[in-house]
Amino acid sequence: SFCAPQGSTSPPRAREPAEREEAPGAMASPSPARNPTEVQMSQLVLPCHTNHRGELSTGQLLKWIDTAACLSAERHAGCPCVTASMDDIYFEHTISVGQVVNIKAKVNRAFNSSMEVGIQVSYEDLCSGKHCSICKAYATFVAQGPLGSKVRLKPLTPQTEEEKIEYSIAAERRRMRLVHKDTLKDLLIRSPRETELETRDGSGAVPAEKTRVESVELVLPPHANHQGNTFGGQIMAWMENVATIAASRLCHAHPTLRAIEMFHFRGPSQVGDRLVLKAIVNNAFKNSMEVGVSAEAYGQEMSVSRRHINSAFMTFVVLDQEGHPRTLPMLAPEPGDGERRYREASARKKIRLDRKYVVSCKQTEVPLSVPWDQSNKVYLSYNNVSALKMLVAKANWALAREKEKVRMYTLEEDKFLSFRIEMSVCITASQAFSLLSNLRRRHEWDSHYVSAELVQKVDDDDMIYHVVSQKLRHENKPQDFVILASRRKPCSKGDPYVVAFRSVTLPTHPARAEFTRGETLCSGFCIWPESEEMTKVAYYNQATPGYLNYVTTNVAGLSSDICSTFEACEKFLLKNKDDLISRLQDF
């Protein structure tokens, strides 16, 4: 079955071999230019940077991360920048005295006045030569002009395959950040109102009030940047400090920070401000606990109301001598706000797991069909679109067949064979997007589709369909699919229209005996305007095992079925574009 649509930009140039022989005396080809926004920082971990265990303080690491990211942002902006937010950070390992922390930061994409900076952190053992990844982070920075005015940023042009992937997916991450609060509210509304306290044998509940911490810091010039504003990394370090104390009061041990949830800075603080930092354990799960931290600022006059600077949620564990998480005491939340925080912490844990395993999962490590529910809709949609954009940005696509205006490319990777089929059509990109994103009309041009029933309209951009297709060779019954279709209009000039498809599972539509349940891992359309009237339409598919024989038969030239289907797609677009214009004019 031609079971999912997607599109493309201009064909990526194939990467050249990493090494090649050169004629004697020939000049070596120049290496790719380094990204002008890239910043590299290396720090030797000294005793003054560590905790009681001789491990690098996470607060110190956060300061280094924020500094490197800020320098990268300012390289692109050409003016001062401030930290607006930081996405989830998962710390994979600890770092010891004498080891070197290597941080690389570069701007992934610039929007209007904000930009996303990607940060990679690793450590290096100078004695053994060992290198190991610590974490990967994404920070959003805002460029500021005189008197704090916003500055319109110049666009960023990605060069390498990695940069093109990060550039493309940055728009999806931005979309996910904007709906983060709504996702939490929606999950809390849909979950039971009662607070359920976990019961474990042999441990008594610790009152949450006993974990409460409050501390004050005076912002001095060393804590501020060249604009006089407190470093975001310094604020994060102070917040990590009080959160660690709160976690220690619950477990009476030295906890290890494992993750920091996505957070936003709500306003700046300056030299001379007093920062009041408060922390309390919100919920204790079996092997981890969430600590909520807030930072408020005020000046010399106590009568002036405090300014809320930031709130964050940090996840701690306590490790035994073998490095395994210990079982933690139960927590007894305070009535009222304490119970609300307890319940919200449970919701955030679910969202963190969704983000970690749905958003950042490797496609080969999870089932093709991921269970869909209301609480993970944002992350499945993100995963759907970002997987397709990653496929689009791949290099090494090879032209396999060309039949009149239709071109078919293949990409061979370790575990997957993918194909791209594209053509230029005399239609506007918006018209093609409207026609191809409606799966209920797919059968009009794709003979493999029998029907497509709209099962659920998630929102204006995401729909779930139950698709029935024709029988494949050697099959005695038709296939069916449950497909999440995610649409995206261009985020900025130069972006394509995107329609991405992936399989999901729904309790209302289990596999049935009269069908062979099929799955699509990553497929869809990219629709790229070439001129006012001409549009490049490209379809991508990462072939699943049940679909592989059909693809290879077409690639080898033993069948022209895929090319013929795409030719029928062109006729469908040309036939219906005028009707679409008429309907829009009538509307």
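The values are calculated or read from the model by the stated rules, or taken from the named source; none is laboratory data. Values in this document were obtained by computation on a predicted structure and should not be read as measured data. Note that each Cβ is placed from the backbone with ideal geometry, even for glycine, and that neighbours are counted across all protein chains shown. These accessible areas exclude ligands, DNA and RNA; they are computed on the full protein's heavy atoms, side chains included. Shrake-Rupley method; radii C 1.70, N 1.55, O 1.52, S 1.80 Å.
List of remarks:
- Selected residue (criterion: farthest from Thr230 (Cα to Cα)) from residues of region 85-113 that are crowded, with 18+ Cβ neighbours inside 10 Å and of a type in the set (A, V, I, L, M): Ile95
- Enumeration of residues in region 509-547 that are β-branched (Val, Ile, Thr) and at pLDDT below 90: Thr516, Thr520, Thr544
- Single unsatisfied condition, Phe501 versus (1) on the phi > 0 side of the Ramachandran plot; (2) open to solvent by less than 30 Å² (accessible area, probe 1.4 Å): (1)
- Looking across region 448-483, just one residue is farther than 19 Å from Phe515 by Cα and open to solvent by less than 20 Å² (accessible area, probe 1.4 Å), and that is Asp462.
- The lone exception for Cys70 - which of (1) buried (at least 21 other Cβ atoms within 10 Å of the Cβ); (2) assigned to a strand (DSSP E or B); (3) not basic (Lys, Arg) it fails: (2)
- Top-ranked residue of region 468-485 - restricted to ones that are touching a residue at least 40 places away in the same chain (Cβ under 8 Å) and touching a Lys or Arg at 6+ places or on another chain (Cβ under 8 Å), ranked as nearest to Asn383 (Cα to Cα): Leu484
- Some residue of region 511-518 being assigned to a loop (DSSP other than H, G, I, E, B), open to solvent by 10 Å² or more (accessible area, probe 1.4 Å) and either closer than 23 Å to Tyr379 by Cα or of a type in the set (Val, Ile, Thr) (or both): no
- Any hit, region 375-389, residues being modelled with pLDDT under 85, open to solvent by 20 Å² or more (accessible area, probe 1.4 Å) and closer than 29 Å to Phe285 by Cβ: yes
- Among the residues of region 401-430, just one is in a strand (DSSP E or B), β-branched (Val, Ile, Thr) and out of contact with any Phe, Trp or Tyr (no Cβ under 8 Å at 6 or more places or on another chain), namely Val425.
- Test: residue in region 263-278 that is surrounded by 21 or more Cβ atoms within 10 Å (Cβ to Cβ), more than 28 Å from Ser114 (Cβ to Cβ) and modelled with pLDDT of 95 or more: no
- Looking across region 40-60, just one residue is open to solvent by less than 10 Å² (accessible area, probe 1.4 Å) and modelled with pLDDT of 95 or more, and that is Val45.
- Scanning region 146-180 for residues that are open to solvent by 80 Å² or more (accessible area, probe 1.4 Å) and on the phi > 0 side of the Ramachandran plot gives a single hit, Leu147.
- A Cβ distance below 7 Å, combined with a sequence gap of six or more or placement on separate chains, defines the contacts here; from region 264-287, residues that are on the phi > 0 side of the Ramachandran plot reach residues that are in a loop (DSSP other than H, G, I, E, B) and not aromatic (Phe, Trp, Tyr) in the pairs Gly272/Val219; Gly272/Gly299.
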